[in-house]
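Have a look at the structure below before the remarks.
The values are calculated or read from the model by the stated rules, or taken from the named source; none is laboratory data. Being a predicted model, the structure only gives us computed values, none of them experimental. Neighbour counts run over all protein chains shown; Cβ positions are idealised from the backbone, glycine included.
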Amino acid sequence: MIVITGAAGKTGRALTWALAERGARVRAFVRRPEQVPVALAAGAAEAVVGDVGDPAALDEALRACSAVYHIAPNVHPDEPAIGRAVIAAAERAGVGRFVFHSVLRPQLRAMAHHEAKARVEEALFESGLAVTVLQPGPYQQNTLDAREAIVRIGDYAVPYRVDAPFAAVDLRDVAAAAAVVLCEDGHENAVYELAGPEALTPRQIAAELATVLDRPVTARRIDPLDWHDSARAGGLSGYPLDTLTAMFAFYDRHGLTGNPRALAGLLGRPPTRFADFARRVFGPDDVRYAPGFQHQVLPSERDSLGSN
């Protein structure tokens, strides 16, 4: 039994799907009762409802499990404390394997949610657990947040410069790599950077989308401060607003790149290029919904809300 925290998010659902394809049994740990059918529909064998910071709920979720895959609540101010709580529960349960869903470049202090994951990594390597850390880059699926405008009017708007490079990774590849780490031996004490096979700018991404859609698509920069004001007017505030604003400001200056070799090694093949992802997700329905895991759009790709 493999426990996934945050199992109802898009990362948790994609990983559940990948594990189910391997015949593994997944216990989904979700926060709200209405998320149980979501997790079960993704392939979980069972689900436990509770708060990830509640020791009793964690003890119930991790009971008699062989491994835990920890996905933290998205942009949460208490992520280090939550991580330590899950680590403590795993130690109490005698869990044989702990895999942490971190982030590419967790040492970047300019982005508070990156540094928070570095603190969880630190606590993990101070524990007595068999630890593996995965550090995925931004998802190629993040383009789906702008899907309506891309398809309807050819507008791909981002709150950073359109020539900033990103090693965006296919969530399907991340899930497949995580399933390898969870189901195969020999990954203890490893830190794997999961980056896409190319560093593409929003302008280059727009060109790839234009090819798939056979119509013009233009990348457009939204000033990060304008994004901040719009997000605040929409109800976002506090730590999430400040953290995401800082993240986009960092992206505006530097982008976020990485190396694809670790991911290729785990997959046993080259990681998915953005052009192939775009054909799978933005292409004709007969391509997007073709039978078989290798070509099918995951449930998480049809619902892109949330970054977990």
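Considering only residues that are basic (K, R) and either part of a strand (DSSP E or B) or under 18 Å from the mean Cα position of the chain (by Cα) (or both), which ones fall in segment 13-33?
Here is the first cut: in segment 13-33, the residues basic (K, R) are 13, 22, 25, 27, 31-32.
If the condition is that a residue be basic (K, R) and either part of a strand (DSSP E or B) or under 18 Å from the mean Cα position of the chain (by Cα) (or both), then R13, R27, R31 are the ones that fit.
Yes or no: V162 farther than 17 Å from A275 by Cβ and of a type outside the set (S, T, Y)? Spell out the reasoning first.
Values: farther than 17 Å from A275 by Cβ: yes; of a type outside the set (S, T, Y): yes.
For V162, the condition - farther than 17 Å from A275 by Cβ and of a type outside the set (S, T, Y) - is met.
Looking at segment 131-179, which of its residues are among the charged types (D, E, K, R) and either touching a helix residue (DSSP H, G or I) at 6+ places or on another chain (Cβ under 8 Å) or surrounded by 24 or more Cβ atoms within 10 Å (Cβ to Cβ) (or both)? Before the answer, list the steps.
Filtering segment 131-179 down to residues among the charged types (D, E, K, R) leaves 145, 147-148, 152, 155, 161, 163, 170, 172-173.
The answer is R147, D155, R161, D163, D170, R172, D173.
For segment 78-103, how many residues meet the condition of being charged (D, E, K, R) and either assigned to a strand (DSSP E or B) or touching a helix residue (DSSP H, G or I) at 6+ places or on another chain (Cβ under 6 Å) (or both)? Outline the logic, then answer.
Quick first cut of segment 78-103, residues charged (D, E, K, R) only: 78-79, 84, 91-92, 97.
Subset that is either assigned to a strand (DSSP E or B) or touching a helix residue (DSSP H, G or I) at 6+ places or on another chain (Cβ under 6 Å) (or both): 79, 84, 97.
Qualifying residue count, segment 78-103: 3.
Just the residues that are part of a helix (DSSP H, G or I) and either touching a strand residue (DSSP E or B) at 6+ places or on another chain (Cβ under 8 Å) or of a type outside the set (A, V, I, L, M) (or both), please, taken from segment 34-56. Steps first, answer last, please.
Let us first name the residues in segment 34-56 that are part of a helix (DSSP H, G or I), namely 34-41, 55-56.
Matches in segment 34-56: E34, Q35, V36, P37, V38, A39, L40, P55.
Please tell me if V75 is of a type outside the set (G, A, S), surrounded by 18 or more Cβ atoms within 10 Å (Cβ to Cβ) and in a loop (DSSP other than H, G, I, E, B).
Taking the combined requirement at face value, the residue satisfies it.
Criterion first (of a type in the set (A, V, I, L, M), in contact with a helix residue (DSSP H, G or I) (Cβ under 6 Å, 6 or more places away or on another chain) and part of a helix (DSSP H, G or I)) does L108 satisfy it? Break it down into steps so the answer makes sense when it comes.
Numbers: of a type in the set (A, V, I, L, M): yes; in contact with a helix residue (DSSP H, G or I) (Cβ under 6 Å, 6 or more places away or on another chain): yes; part of a helix (DSSP H, G or I): no.
No: the conditions fail for L108.
Quick one: which residue in T211, T245, T218 is surrounded by 18 or more Cβ atoms within 10 Å (Cβ to Cβ) and at negative phi?
Numbers: T211 fails: surrounded by 18 or more Cβ atoms within 10 Å (Cβ to Cβ); T218 fails: surrounded by 18 or more Cβ atoms within 10 Å (Cβ to Cβ).
Testing whether each residue is surrounded by 18 or more Cβ atoms within 10 Å (Cβ to Cβ) and at negative phi leaves just T245.
Which one of these is under 24 Å from E21 (Cα atoms), part of a helix (DSSP H, G or I) and at pLDDT below 95: V297, V287? Steps first, answer last, please.
Numbers: V297 fails: part of a helix (DSSP H, G or I).
The unique qualifying residue is V287.
Please note which helices (runs of 4 or more DSSP H) are completely contained in segment 132-243 and include at least 1 residues that are within 21 Å of G258 (Cβ to Cβ) and free of Cβ contacts under 8 Å to residues at least 60 places away in the same chain. I'd like the intermediate steps shown before the answer.
Numbers: elements: 147-153, 171-183, 202-213, 224-233.
Because the criterion is at least 1 residues that are within 21 Å of G258 (Cβ to Cβ) and free of Cβ contacts under 8 Å to residues at least 60 places away in the same chain, the helices (runs of 4 or more DSSP H) in segment 132-243 that meet it are 202-213.
Looking at segment 124-147 only, could you name the residues that are closer than 17 Å to L267 by Cβ and of a type in the set (F, W, Y)?
Y139, the sole residue that qualifies.
So how many residues does segment 118-134 have that are under 25 Å from A14 (Cα atoms) and touching a Gly at 6+ places or on another chain (Cβ under 8 Å)?
3
When you scan segment 31-54, how many residues do you find that are under 18 Å from A175 (Cα atoms) and among the β-branched types (V, I, T)?
Initial filter on segment 31-54 (under 18 Å from A175 (Cα atoms)): 38-45.
Keeping just the survivors that are among the β-branched types (V, I, T) gives 38.
Here the count works out to 1.
In segment 3-26, which residues are surrounded by fewer than 24 Cβ atoms within 10 Å (Cβ to Cβ) and either closer than 18 Å to V95 by Cα or of a type in the set (D, E, K, R) (or both)?
Matches in segment 3-26: E21, R22, A24, R25.
Scanning segment 187-201 for residues that are in contact with a helix residue (DSSP H, G or I) (Cβ under 9 Å, 6 or more places away or on another chain) and farther than 12 Å from A177 by Cα, which turns out surrounded by the most Cβ atoms within 10 Å (Cβ to Cβ)? First the steps, then the outcome.
Step one: of segment 187-201, the residues in contact with a helix residue (DSSP H, G or I) (Cβ under 9 Å, 6 or more places away or on another chain) are 187, 189-198, 200.
Okay, now just the ones that are also farther than 12 Å from A177 by Cα, so 189-191, 196-198, 200.
Numbers: N189: 9, A190: 14, V191: 16, G196: 27, P197: 21, E198: 16, L200: 23.
So, considering only residues that are in contact with a helix residue (DSSP H, G or I) (Cβ under 9 Å, 6 or more places away or on another chain) and farther than 12 Å from A177 by Cα, the one surrounded by the most Cβ atoms within 10 Å (Cβ to Cβ) is G196.
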